[in-house]
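The structure appears right after this line, and notes come after that.
Nothing in this text is a laboratory measurement; each read-out follows from the coordinates by a stated rule. Since we're looking at a predicted model, the values are computed, not measured. Note that we place each Cβ from the backbone using ideal geometry, even for glycine, and neighbour counts take in every protein chain shown.
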Amino acid sequence: MDCPKCGHAQAGEKECERCGVIFARLPKKEEAPPQPSQAEMEPQVVPAKTSSGLAGWLVAMVVGLLAGWYVFGQHQQPAPDTGQPAAVSSQEGEQEGSTTQSSQLQQGGRVDQPQTAEGLAGKLAAAFPAGSPVEQARNATVFIKTPWGSGSGFFVTANGYIVTNRHVVEVDPKAVQAGKQKLDELVAQLDRERRNIERWEEQVKRVTDQQVRKDVEEELRQRRENLAKYTALHKEAVEQNQKMSRGASPSDTKVFLIDGSELSVQTIKMSDNTDLALLSVDCYNAPFIQPMKDNRHLGQGQKVFSIGSPMGLRYTVTSGIISGYREHKGRKFIQTDAAINPGNSGGPLIDEQGGLIGINTMVLRDAQGIGFAVPFQEVKTEFGQYLGGM
């Protein structure tokens with residue numbers, strides 16, 4: 001045997017002939033357990049059989065699951081504590097977010113979702129997206145047209161109530177008088193043109209020269225065109241005067257929205273005390289302007305916005321400040337330098353949050369930057385019974 005200490009080969013088994021060590025006194029070496037072979041460590045993946053039998057299908061499924069368990073690991077070792085939050089895979093994050101949302105819903109919590117407006121408000125928002133409170137107020141502003149003029153207004157409720165100035169929808173006696181005068185002038189023009197045509201018709205009969213006859217016939221043609229034009233204008237003036245003579249009527253008042261669509265006016269109510277009127281139209285969920293959130297007294301210098309259709313430029317927004325507060329004939333007015341021009345009458349005066357401050361009503365003649373608005377409290381006083389809790 002070989003000596004465990006010096007490796008000397010000899011026949012004796014008690015002590016070494018070379019180094020003299022007693023074999024029995026040497027500590028025995030522990031034998032390591034046998035290691036499995038590489039073939040034993042590798043999982044045996046058995047291809048699924050093409051048989052449609054249930055037993056074969058189950059065997060294939062079990063073998064596949066065992067292989068996946070071995071390759072990917074059924075358990076993960078905890079990451080060392082580095083003081084940083086552990087990374088979460090996208091799949092785990094999605095599952096966690098879904099679980100959190102589900103838990104909130106089960107516990108009665110609310111997960112905010114983008115709301116889509118319905119009805120008229122949704123229609124106008126889709127055509128003209130509002131990126132600010134001022135643009136939201138713009139969508140709630142309307143253009144009002146009557147046989148005797150035009151102006152602005154705005155929705156104050158979702159069920160179709162519109163506030164404007166009384167003078168926008170009310171027939172002005174001066175306008176009635178001007179209309180009658182215009183009608184008389186058209187009648188006189190028609191009579192003159194008829195007499196002229198009669199003279200040219202007699203003249204063309206006596207002309208023998210072909211060139212002169214051609215010139216006379218051309219003049220006669222133009223005279224007849226003028227007569228047709230004046231006749232159409234006369235008819236229009238007669239109809240307008242008839243409408244003005246019977247006073248403001250819902251059927252004669254048209255409301256146009258920012259997308260160009262038209263709504264029929266059902267009722268018109270006018271204030272006896274101030275320059276305000278309340279119209280109603282048939283619509284569902286109209287965009288509307290609410291009074292400013294708190295009833296604070298806005299000081300001088302506060303930024304404001306005016307919305308309307310000045311000089312036919314529909315849905316124009318101008319800005320300015322509150323210049324002061326004035327009183328005229330016992331009524332209070334808000335003075336502002338926000339541009340107010342013909343066509344702005346009846347439009348809203350709002351703050352930066354889109355809250356209603358007043359209703360644009362008039363400007364000082366021969367002055368610039370001096371306009372006035374009726375405070376919105378007057379709307380509540382005059383029409384509160386129709387507007388509920390405005």
Stretched fully, the stretch from Ile321 through Gln300 gains (0.36 nm per residue minus C-alpha distance, one decimal, in nm) 6.8 nm
Full extension from Leu313 to Val207: what is 0.36 nm times the residue separation minus their Cα-Cα distance, to one decimal in nm?
32.8 nm
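Given R₀ = 25 Å, FRET efficiency for Ala125-Gln377 by Cβ-Cβ distance, to 0.05? Please list the in-between numbers first.
Numbers: r = 29 Å, r/R0 = 1.15.
With R0 = 25 Å, the Cβ-Cβ based efficiency is 0.30.
For Glu135 and Lys269 in one chain, what is 0.36 nm times their gap in residues minus the Cα-Cα distance, to one decimal in nm?
On the way: separation 134, 0.36 × 134 = 48.24 nm, distance 2.77 nm.
In short, 45.5 nm is gained.
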For segment 173-245, how big is Rg over Rh, using alpha carbon atoms and the Kirkwood form of Rh?
1.20
With label points built 7 Å along Cα→Cβ from the Cα atoms of Leu233 and Lys332, find their separation and express it in nm.
4.9 nm
Would you please state the base-10 log of I(q)/I(0) at q = 0.16, 0.17 1/Å for segment 148-270, with intensities from the Debye formula using one equal scatterer on every alpha carbon?
-0.85, -0.90
For segment 173-245, averaging the sequence separation of alpha carbon pairs under 8 Å that lie six or more residues apart and dividing by its residue count, the contact order in percent is 52 percent
